[in-house]
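Enquirer: Can you keep this structure in mind? I'll have questions shortly.
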Amino acid sequence: MAKEEPVQARHVAIIMDGNGRWAKKRHLPRALGHQRGVEAVRRVVRGAREMGLEALTLYAFSTENWRRPEEEVSDLMGLMKRFILSDLDEFAKAGVRLKIIGDYKGFQADVVELVEGAMARTAGNTGTTLVVALNYGSQDEIARAAAKAAAEGPITPESIAAHLDTADLPPLDLLIRTSGEVRLSNFLLWQAAYTEMLFTDVLWPDFTAEHLRDALEAFSTRERRYGGR
């Protein structure tokens, strides 16, 4: 009997949690935890590209994050702008395509301009798609998709799926959450229906490409049944 081939993940999503706790453990400002979190993003995006992932989706800013202190939100916006300005050249040359899900137009005009410019510059790239969830909430996404589906005809799972922000991406294979929390936090709820999940105690600033590789290797050993036997 032939040995079954390992299951290869095409699309991985990560809830990047633990920046604040990382800083608190070290008696450092919370903003420094977010800075180290951006360094982790760089490592993981490079690793995802080298490992041949078709899509990597990162939960960067949720619709609920607006409830955080104004100073922290401002710090996050500043980090986002610096990340785009400093890393776009590398990603563009490496064939990475940037895609945004969520209502990014709810941000300040300069952030919107940077984001749209980065998406336009990388639109023709055919390597890994880096999907960044900005001002994103899954319940809102599903409601928007259902409304569009209803305007066109009967509402079915297929018609809703066709209008999700991720409709042009491979199905979600693996969802990782760092920092030991075990919940989805309004992230990719529809897409995660039959997704494999991995929850790790590693805080996001400590997450490396090797952690991602280990997660992909663990995924490859799982038997995906989609409700069957």
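The values are calculated or read from the model by the stated rules, or taken from the named source; none is laboratory data. Keep in mind that what you see is a predicted model, and the values were worked out from it rather than measured. Here Cβ is always computed from backbone atoms with ideal geometry, including for glycine, and neighbour counts include all displayed protein chains.
Enquirer: Quick check on the stretch 178-190. Is at least one of its residues more than 16 Å from Leu56 (Cβ to Cβ) and in a helix (DSSP H, G or I)?
Expert: no
Enquirer: Of a type in the set (A, V, I, L, M), part of a loop (DSSP other than H, G, I, E, B), touching an Asp or Glu at 6+ places or on another chain (Cβ under 7 Å) and without any contact (Cβ under 8 Å) to a residue 60 or more places away in the chain - does that describe any residue in the stretch 154-166? Can you show your working first?
Expert: Narrowing the stretch 154-166 to residues of a type in the set (A, V, I, L, M): 155, 160-162, 164.
So of that shortlist, the ones also part of a loop (DSSP other than H, G, I, E, B) come out as 155, 162, 164.
Add one more test, that the residue is touching an Asp or Glu at 6+ places or on another chain (Cβ under 7 Å), and what stays is 164.
In the following step, the residues that additionally are without any contact (Cβ under 8 Å) to a residue 60 or more places away in the chain were identified as 164.
Within the stretch 154-166, one or more residues are of a type in the set (A, V, I, L, M), part of a loop (DSSP other than H, G, I, E, B), touching an Asp or Glu at 6+ places or on another chain (Cβ under 7 Å) and without any contact (Cβ under 8 Å) to a residue 60 or more places away in the chain.
Enquirer: Additional query: Which residues, counting only those in the stretch 100-123, are touching a Lys or Arg at 6+ places or on another chain (Cβ under 8 Å) and either surrounded by fewer than 20 Cβ atoms within 10 Å (Cβ to Cβ) or aliphatic (A, V, I, L, M) (or both)?
Expert: Asp110, Val111, Val112, Leu114, Met119, Ala123
Enquirer: Please specify each residue of the stretch 124-152 satisfying the condition of being in contact (Cβ under 8 Å) with a residue 60 or more places away in the chain and either in contact with a Leu (Cβ under 9 Å, 6 or more places away or on another chain) or surrounded by 18 or more Cβ atoms within 10 Å (Cβ to Cβ) (or both).
Expert: Thr128, Thr129, Leu130, Val131, Val132, Ala133, Leu134, Asn135, Tyr136, Gly137
Enquirer: Could you pull out the residue among Arg49, Arg97, Arg43 that is surrounded by fewer than 18 Cβ atoms within 10 Å (Cβ to Cβ), modelled with pLDDT of 95 or more and closer than 22 Å to Asp173 by Cβ?
Expert: Answer to the check: Arg43.
Enquirer: Name the single residue, out of those in the stretch 174-199 being among the hydroxyl-bearing types (Ser, Thr, Tyr), within 16 Å of the chain's Cα centre (by Cα) and within 24 Å of Gln8 (Cα to Cα), that is surrounded by the fewest Cβ atoms within 10 Å (Cβ to Cβ).
Expert: Step by step, filter the stretch 174-199, then rank; the result is Thr195.
Enquirer: Do the conditions hold for Ile155, that is, is it farther than 24 Å from Leu76 by Cβ, more than 17 Å from the chain's Cα centre (by Cα) and buried (at least 17 other Cβ atoms within 10 Å of the Cβ)?
Expert: Numbers: farther than 24 Å from Leu76 by Cβ: yes; more than 17 Å from the chain's Cα centre (by Cα): yes; buried (at least 17 other Cβ atoms within 10 Å of the Cβ): no.
Judged against the criteria, Ile155 is not a match.
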